[in-house]
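Below: the structure, in structure tokens.
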Amino acid sequence: MNSGTTEDEARYTASRRFDNYQQYEERTRDMDIHLFMESLAKDARSAIRGLRRNPGFTLAALVTLGLGIGATTAIFSVINGVLIKPLPYPEPERLVGVWHSAVFQGATVTNFNLSPPMYVTYQEQNQTFQDFGVWSGGAANVTGLGDPEQVRSLVVTYGVLPALGVKPALGRWFSKDDDTPGTPEAVILTYGYWRRRFAGDKTVIGRTITVDSRMREIIGVMPQGFQFLRLDPDLILPQRFGGNLAPTSFNYSYFGIARLKPGVTLAQANADVGRMLRIWYKEGMEVLKMGPSLRELKADVVGDIRTLLSVLMGTVGILLLIACANVANLLLVRASGRQRDLAVRAALGAGRGRIARELLIESVMLGSSGGLLGLALAHSGLRLLVRLRPANLPRLNEISIDPTVLAFLIATSLVSALLFGLIPVIKQVRPEIAMALGGSGRTLSSSRERHRSQNTFVVVQVALALVLLVAAGLMIRSFAALIHVHPGFMQPEELQLARISIPEADAADPERVIRMQNQILDKLAAIPGVVSAAFALAMPMEDAQFRNAVAAEGKNRDDQVAPMRVAKFVSPGLFATQETPVVAGRDFTWTDIYEKRPVAIVAERMARETWGGVSEALGKRIRIGNVGDWREIIGVVGDVHDEGPQQQASSTVYWRAGVQPGIMGAPISAPRSMAFAIRSARAGSESFLAEIRQAVWSVNPKLPLAQVRTLADVYNRSMARTSFTLTMLAIAASMALGLGVVGIYGVMAYSVAQRRRDIGIRLALGAEPASLRRTFVQRGLLLATIGILIGFSVAVPLTRLMSSLLFSTSPLDLLTFAAVAVVLSTAAAVASYLPARRASAVDPVEVLKAE
């Protein structure tokens, strides 16, 4: 019968059962899909049975994959929350931080802030900002709601909150009138403070609270989840500029934020700021050489964490590759036991595609199950991370397992399944597989090829493990170098810190401020167990470090901008309390303070940089900028690492506490917020803190304590980033080393099992067991050596990427590389020796009987 007749008969048959031939084709296609799905389900059930029959293999593969996928997903969750997610504000791409660049003595500073006069100019003259404002962080005293409390405050001009675009849940934003001195004072509560202090009372709008001894009307409550950049304030206060707004104001302490108009680019906004700088003050431009340096607001929030997260992501990516190589090795070992079964199925007519599909389904099921385990591990790891709240990790509250992370997890699981599943499939599914039933030569050839594949995986695991171990070793070396840096103070665990702020309403006269601070100090010194007490504008390594442009007489020309120095207002006795040595001259006295003597103390580094020596600095004169009053240097003290042990010791100038002369017509003043330091063996105990509070309240019952901690807490926080990096790398490196050892052990154990008959014969013929052990150990060491050499070639360029995370340690540190090579070689020798010892203990008689 010809093809035409057959087609006619098919159409005729279809027409009797279906209305038309198209329905017949659709029915056939549906049946094909149904049969295919049934086949997939059958293969899946077969894969499940196979995995259940080998619980040891299944558990090892799942744990290995779960650890690799879980670690990768956890770090990606952090990267997603910190770097990928947009900021939680409407149209965040239009938000910019307003910064400037400035040239000081040939050095360019890109993070130069704004002054009040600059704010006024930008507010009135800008052509590219839809909303613009300046802000500063701080603290405020709240009284009348129970015990006095110091809370985190955010001080903003009226354009800041509209720029962010987050409307209050209750009430309103600040208006221009709220920024104007002389109008009723207002305050906005954040959601957490509103819930904590007012129990979520919606009638709170219009009520008043006492902030810094001033009555303020509550005009709004911010919504739940609101966070201002990297700050988490309790109260938001309006910024009221007054006093000197001359262009030459030296108060460059305000941060700028703006929302660009629709369609405005960052380049256009920078050009606009450059235009306004010329309007602001041409002479200031000549001296400061200032220029615009606007950037996306997200860069201000994220900071310099990108390098750290990139290194961690690369680390866990390597760990995942090691895990996949380990599972691939396990699959190859398992496949050797299934080779005869697969050959029988091929001989009975099972196609290569069908066998490959079954093997891949098994791999996908392993990958999917490992992904589920990894999801559980990642979720637990992120919960622990949030509880630990590592320092310097921004947007911590935005780190979560969201749809983006789940999509990454699914993709990682599937790619991993293909990565470790394809190679066993390629090795097993071949046209000659049926020959495995009869030909020993084929079997031997296949066994040798499988050994080569397993050896390759072991070499890859060792090479990748070396990269992680080197990275962890470099961080260990950096951490060791950091803890040996003398920070400039002693026994920080015995130094209790507490910040006390005196509002202007409680002491308007600057003379009254310093006398109240002196009274508090006397009360603290009288507490039992207190060795000494003092105060300063900021303690070492605190975030609130202040800087002045400090000119030295005869060293700086008046037409030059003086170099910036860390500047501190300090009381007498601070250096003795910190145990910072006075290396020349003397300390401040209370006579210096009350008589307003123009004296100063400098750090040893500043003395050497400016005058060439310590003794040479005594008697020299310095001043703030080029307009302040000259002050005589009466002492030189030891260097202190004010910005953390990882930074060079600060070139610091110490001004005496108390009343300060005004500069450029500004009124005299006295620093009101000071950090008090009390040295005692009781530091950190609740009873001691209670006595400190009572001592302060005996002077003024409305003064709360804030930032209560020990100097050891501050020091440990400065080390937190290095500690976090070290911990993460150490965990990854330990897991990589463990997987590498397991890989070597697995290959050696498999080799022993395959050569059991040969080993028995050699022992029967008189071979020495020690010689057999040596053979297997040498083979393991050979594989490890090849992996180490390859790992070195990979580690050398990669470790340069983490150079910014290191301290006093070269990315090519020879000691670290040598130590890692020794550790890996030792681990490989141990992993090889255990199967070798089992091989040498084989009873040749029993082996030959079994054969």
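The values are calculated or read from the model by the stated rules, or taken from the named source; none is laboratory data. From a predicted model like this one, the values you see are computed outputs, not experimental measurements. For neighbour counting, all protein chains shown are included, and Cβ atoms are generated from backbone atoms with ideal geometry for every residue, glycine included. The area values use the complete protein model at the heavy-atom level, side chains included, leaving out ligands, DNA and RNA. Shrake-Rupley method; radii C 1.70, N 1.55, O 1.52, S 1.80 Å.
Please go through region 214-230 and give me each residue that is out of contact with any Lys or Arg (no Cβ under 7 Å at 6 or more places or on another chain) and either among the aliphatic types (A, V, I, L, M) or free of Cβ contacts under 8 Å to residues at least 24 places away in the same chain (or both), ordered by number. Correct list: 215, 221, 222, 229.
Every condition in (1) open to solvent by less than 30 Å² (accessible area, probe 1.4 Å); (2) under 30 Å from residue 726 (Cβ atoms); (3) β-branched (Val, Ile, Thr) is met by residue 514 except one, and the failing one is (2).
Taking the criterion of being in contact with a helix residue (DSSP H, G or I) (Cβ under 9 Å, 6 or more places away or on another chain) and not in a helix (DSSP H, G or I), the residues of region 63-94 that qualify are 85, 86, 87, 88, 89, 90.
Would you check which residues across region 668-689 are more than 18 Å from residue 487 (Cα to Cα) and either over 35 Å from the mean Cα position of the chain (by Cα) or basic (Lys, Arg) (or both) and list them? Scanning region 668-689 gives 668, 669, 670, 672, 682, 687.
Limited to region 211-229, what total is found for residues that are under 37 Å from the mean Cα position of the chain (by Cα) and loosely packed, with under 15 Cβ neighbours inside 10 Å?
Going through region 211-229 one residue at a time, the tally reaches 3.
Whether any residue in region 155-173 is in contact with a helix residue (DSSP H, G or I) (Cβ under 8 Å, 6 or more places away or on another chain), without any contact (Cβ under 8 Å) to a residue 24 or more places away in the chain and over 30 Å from residue 290 (Cβ atoms) is what I want to check. Checking region 155-173: not a single residue is in contact with a helix residue (DSSP H, G or I) (Cβ under 8 Å, 6 or more places away or on another chain), without any contact (Cβ under 8 Å) to a residue 24 or more places away in the chain and over 30 Å from residue 290 (Cβ atoms).
Residues 549, 472, 534: which one is touching a residue at least 40 places away in the same chain (Cβ under 8 Å) and not in a strand (DSSP E or B)?
So the residue among 549, 472, 534 that is touching a residue at least 40 places away in the same chain (Cβ under 8 Å) and not in a strand (DSSP E or B) is 472.
Across region 616-661, the number of residues qualifying as among the β-branched types (Val, Ile, Thr) and in a loop (DSSP other than H, G, I, E, B) comes to 3. Of all residues in region 700-725, those satisfying the criterion of being open to solvent by 30 Å² or more (accessible area, probe 1.4 Å), farther than 21 Å from residue 680 by Cα and not charged (D, E, K, R) are 701, 723, 724. Among residues of region 173-210 being touching a Gly at 6+ places or on another chain (Cβ under 8 Å) and part of a helix (DSSP H, G or I), the one that is surrounded by the most Cβ atoms within 10 Å (Cβ to Cβ) is 194.
Pick from region 817-851 the residues that are β-branched (Val, Ile, Thr) and loosely packed, with under 15 Cβ neighbours inside 10 Å: which of them is modelled with the lowest pLDDT?
Ranking the qualifying residues of region 817-851, first place goes to 845.
Basic (Lys, Arg), in a loop (DSSP other than H, G, I, E, B) and either open to solvent by 50 Å² or more (accessible area, probe 1.4 Å) or at pLDDT 80 or above (or both), is that true of residue 240? In short, yes.
Select the strands (runs of 3 or more DSSP E) contained entirely in region 553-615, then report the ones holding at least 1 residues which are at positive phi and open to solvent by less than 10 Å² (accessible area, probe 1.4 Å).
Ranges flagged: none.
The residues on offer are 203, 210, and the sole one that is among the β-branched types (Val, Ile, Thr) and without any contact (Cβ under 8 Å) to a residue 40 or more places away in the chain is 203.
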